[in-house]
Every structure is written in structure tokens, then in C-alpha cells.
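Visitor: The structure is given below, and queries will be raised subsequently.
The values are calculated or read from the model by the stated rules, or taken from the named source; none is laboratory data. What you see is a predicted model; the values in this text were computed from it and never measured. Ideal geometry is used to build each Cβ from the backbone, glycine not excepted, and the neighbour counts take in all protein chains shown. For accessibility, only protein heavy atoms count, side chains too; no ligands or nucleic acids. Shrake-Rupley method; radii C 1.70, N 1.55, O 1.52, S 1.80 Å.
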Amino acid sequence: MTGANGTALLVLTSNDVLGDTGRSTGAYASEVAESWQVFASAGFRVELASIQGGQPPLEAVDTADPAQQAFFADEAMTAALAATRPVREVDPAAYGIVFTAGGHGAVWDLPYDEDLAALLRDAYEHDAVIAAVCHGPAALLGVRLSNGNHLVAGRKVACFTNDEEQAVGMTSVVPFLLADELVERGAEHDAVGPFLPHVVVDGRLVTGQNPASTELVAREAVAVATAVRR
């Protein structure tokens, strides 16, 4: 693929600590690797950005995971990961897909970054597919369209659920429960049982519930972007 619709942007958190716990966090490595693998296999050029730019933190790195092995073995992607562009320098019209990875770090910076909110708004209004998985939909909380409405208002969305947050012992650590915040902005939260794969497609908004949903989200994003391109 060539042109804007043939390029996918992966957006990662720059936050590396879980609140005041001192515990490390970052973008969930499998969500980065699996989405890259799907997009690249579908012929998309893949670029990386993060809130602050530079080398973003990763969590749950697993060198035995085939997708992560492939990602870290790709010289172009490891170079891109070491020097991600800050979202403020990204051209929102340059992408057919903008995909926001999760990881618990995401809830501390993605919702509050005005440059990211503007990037997602402008990319969406340039007909890009906006996709996110797990805690990645936290990026949607600050996004208002040019008409003033929240991007998620009246839309079905998936994200890491309250039950999943409780199951991993993070309810009292995270600054908010993501599903509740999305509903607060007018979204209809759609979920299945904890840790089961689940993806929701609502127009050009594609969201997934948890890390197990990453490949499904990426594949659906490709399908929607391809349909838009036609």
C-alpha cells in the first residue's frame, strides 16, 4: 500500500511508573508487537510515536513470544522504537490507521495530552481509522471533534474492564477506572468475560478489551481502512 491510507501509526505511552507506587510500567509489549505484525503483513508502512518522544518504556516484555521476537529482530522497528517522534510533531493527515497501545502506563498520560487529543481528532476527521486496545482507549477520553462532541459519544467501545482491573489488583492504583470514564463521556461500554478476546467496531473507531484482543483489533482496523480507501 502507498499513500496516507497505507501507513499506520502506533502511539505509545511515555509514562514509566505506576502512580506513587514506584513500580515500573509502560506500553504493553505484546500489543505493540502484534499490531505491528498485522499491519506490516497487510502491507502497511508502520511508524511509531509516543507522548514525549524518544525511547518509550515497555512492560511485559517476553522474549519467548514469537510476535515480540519478530518485532525486536526487525532493525527498522528497533531503530524507530529507540527514537519515537513526539505526538506533537506528527502529521495527522499522513495515516490511514492510528493505533494506541495499552499498558497501565497509558492511563497516566494519554488522556491528558492535548497534542495527542488533537492528533486523534484531526486524523479521524481526515478519514483515518482510530484503533486502541486494553488501556489504549484512555487516549480517547480527551478527544473532542470539531463540533465539540466527544469522539466516543454515542459509540460502542471496548477497553480493559473494571472486573479485569480488580483481578490484576490495580483498582486502587490506577487514577480512574477506564470503562467508567468512557461511559461518562457518552460511550456505550461493550464487554465480555475477563481476559477473553473482544473487539468492537463502530464505524472508523475500533477498540479491544485486553491484550488478547490486539490481533483482532489490528485486523479489523486494516479491514475498515481498506474499505475506506476503496
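Visitor: For segment 29-48, indicate whether the set of residues that are out of contact with any His (no Cβ under 7 Å at 6 or more places or on another chain), open to solvent by less than 50 Å² (accessible area, probe 1.4 Å), free of Cβ contacts under 8 Å to residues at least 60 places away in the same chain and among the β-branched types (V, I, T) is non-empty.
Guide: yes
Visitor: Which residue pairs have Cβ atoms under 7 Å apart, sit 6 or more places apart or on different chains, and have a first residue in segment 172-183 that is more than 14 Å from G19 (Cα to Cα) and a second that is open to solvent by 50 Å² or more (accessible area, probe 1.4 Å) and of a type outside the set (S, T, N, Q)?
Guide: A179/H189; L182/H189; V183/H189
Visitor: Which condition number in (1) open to solvent by 30 Å² or more (accessible area, probe 1.4 Å); (2) touching a helix residue (DSSP H, G or I) at 6+ places or on another chain (Cβ under 9 Å) is the one that F99 fails?
Guide: Status for F99: all satisfied but (1).
Visitor: Here is a follow-up. Which of the numbered conditions does T2 fail, given that it passes all the others? Conditions: (1) modelled with pLDDT of 95 or more; (2) in a loop (DSSP other than H, G, I, E, B).
Guide: Of the numbered conditions (1) modelled with pLDDT of 95 or more; (2) in a loop (DSSP other than H, G, I, E, B), the odd one out for T2 is (1).
Visitor: Looking at (1) open to solvent by less than 20 Å² (accessible area, probe 1.4 Å); (2) part of a helix (DSSP H, G or I), which is the only condition A70 fails?
Guide: Checking A70 against (1) open to solvent by less than 20 Å² (accessible area, probe 1.4 Å); (2) part of a helix (DSSP H, G or I), the one that fails is (1).
Visitor: Here are L196, L140, L119, L145: which of them is more than 17 Å from the chain's Cα centre (by Cα), closer than 23 Å to P86 by Cα and aliphatic (A, V, I, L, M)? Give the derivation first.
Guide: Values: L196 fails: closer than 23 Å to P86 by Cα; L140 fails: more than 17 Å from the chain's Cα centre (by Cα); L119 fails: more than 17 Å from the chain's Cα centre (by Cα).
Selected residue: L145, the only one of L196, L140, L119, L145 that is more than 17 Å from the chain's Cα centre (by Cα), closer than 23 Å to P86 by Cα and aliphatic (A, V, I, L, M).
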